[in-house]
Amino acid sequence: MIVLGVESSCDETGLALYDTQRGLLSHALHSQVAMHEEYGGVVPELASRDHIRRAIPLLEETLSRANVAMADIDAIAYTQGPGLAGALLVGSSIACSLALALDKPVLGVHHLEGHLLSPLLASDPPQFPFIALLVSGGHTQLMRVDGVGQYTLLGETLDDAAGEAFDKSAKLLGLGYPGGPAISRLAEFGDPLAYKLPRPMLHSKDFNFSFSGLKTAVLTVVKNHEEKVIANICEQDKADIARGFVDAIVDVLTAKCVSALRHTGLKRLVIAGGVGANAQLRASLNAAASAKKFRVFYPELEFCTDNGAMIAFAGAMRLQINPHAATRDYSFNVRPRWPLDEIKVV
């Protein structure tokens, strides 16, 4: 079975082909980062318009790379939610229109399920069951995963997610957009002893997170600095603040993951989502895994951010379990807000 995946939930347009026998055949991705950078964040209307321009050329590129004809596609999977409503509507309409024209079944996929299953695309994939730390955009969640569609929420963020805290703190330091990679790079040059920032809910005895207070702590440090204008703070001070912030967030994420593994008795940890590419987080989790005798699995770096491959793969996994999950009902709706634990394998 060859499944075409279409991803358009935010500011990346992704198309991919996944074959249940041969694996990932090809994928193509366009990021809108350069377009949104001058605005300091994603502009939803601009994102939607750009998805319209990019989708068909990316589809042609994906088919060409895989040497697959349009008629060879067996089903089409698309991101139904969560995400930006307008962006989701673009991808959904393109997927359903193609499916109608080709007389192929179509399947809406949960964006976070795509991230959650993306480490299974790696050369050394994890086996079920495992604990998953999902750190993508506005989501920070710890899940127990017993199989496709078998997800138990252990804990989640009560306010700002890790990714939001990265972006907002980077903006406070004048690092622009996207802030996560920039603040992580800057932290490499910082003194870990210069600023000891709070570790929210580190000892809460549950698996929930809270990062708005950490962002506020960064704001307070910046405001209390001798130079009131961030542009006048020397680069070393910025690096020291960045290091304090990154160390705090990594300590919390690592501790919660270790606690969830201990609570469930599982020995496999999966990291999924954009923050999963963070070098400091990977180093901390790898050290914890070595000390606590568990294994940690990551997606390939190219699949940490939004992409079509994870949607094609998630769709294919669902269709292998239930071939009737995809239908020829080409009407569609999108779900900008869609809790992951609501989805099940039917």
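Note on S210 and R185: with the Förster distance fixed at 22 Å, the Cβ-Cβ geometry gives a FRET efficiency of about 0.30. When the solvent-accessible area of the chain is split by element, carbon and sulfur atoms take up 53 percent of it, the probe being 1.4 Å. Rg/Rh, computed from the Cα trace of the range 29-103 with Rh as the Kirkwood radius, has the value 1.01. As an exercise, identify the GluC sites (Glu not before Pro) in the range 33-85 lying in DSSP coil whose Cβ has no more than 12 other Cβ atoms within 10 Å. Hits after loop and neighbour filter: E38. Within a straight-line Cα-Cα reach of under 13 Å, K196 can be paired with the following aspartates and glutamates, leaving aside sequence neighbours fewer than 8 residues apart in one chain: D240, D247, D251. Report summary: the helix-based calculation at 222 nm, which adds -39500 (n - 2.57) for every DSSP H run with n ≥ 4 and divides by the residues of the chain, gives -13500 deg cm²/dmol. Taken per residue, the accessible surface of the chain reaches 43 Å², heavy atoms only and a 1.4 Å probe. Taking the range 204-346 as the region of interest, the number of lysine pairs whose Cα atoms are within less than 24 Å, with members eight or more places apart or on different chains, is 16.
Scaled to the globular estimate 2.2 N^0.38 Å, the Cα spread of the range 173-271, given as radius of gyration, is 1.22.
Between E300 and L153, full extension at 0.36 nm per residue minus the direct alpha carbon distance yields a gain of 50.5 nm. Going by Cα centres, the range 156-190 and the range 317-344 are how many Å apart? Measuring centre to centre over Cα atoms gives 33 Å.
Summary of packing: across the peptides 306-313, 260-267, the per-residue average of other C-beta atoms within 10 Å ranks them, highest first, as 306-313, 260-267. Looking at the chain, the DSSP beta bridges with both ends there are about 60 percent antiparallel. For the Cα atoms of the chain, what angle does the longest principal axis make with the long axis of helix 162-172, in degrees from 0 to 90, nearest 10? Tilt of helix 162-172: around 50 degrees. Among the trypsin sites (Lys or Arg not before Pro) found in the range 1-87, those both in a DSSP coil and sparsely packed, with 11 or fewer other Cβ atoms within 10 Å of their Cβ, are R22.
The GluC sites (Glu not before Pro) of the range 131-188 that meet both conditions, a loop assignment by DSSP and at most 13 other Cβ atoms within 10 Å of the site Cβ, are E188.
The values are calculated or read from the model by the stated rules, or taken from the named source; none is laboratory data. Please read these numbers as outputs of a predicted model, since none were measured by experiment. Virtual Cβ from ideal backbone geometry, glycine too; neighbours counted across all protein chains shown. The area values use the complete protein model at the heavy-atom level, side chains included, leaving out ligands, DNA and RNA. Shrake-Rupley method; radii C 1.70, N 1.55, O 1.52, S 1.80 Å.
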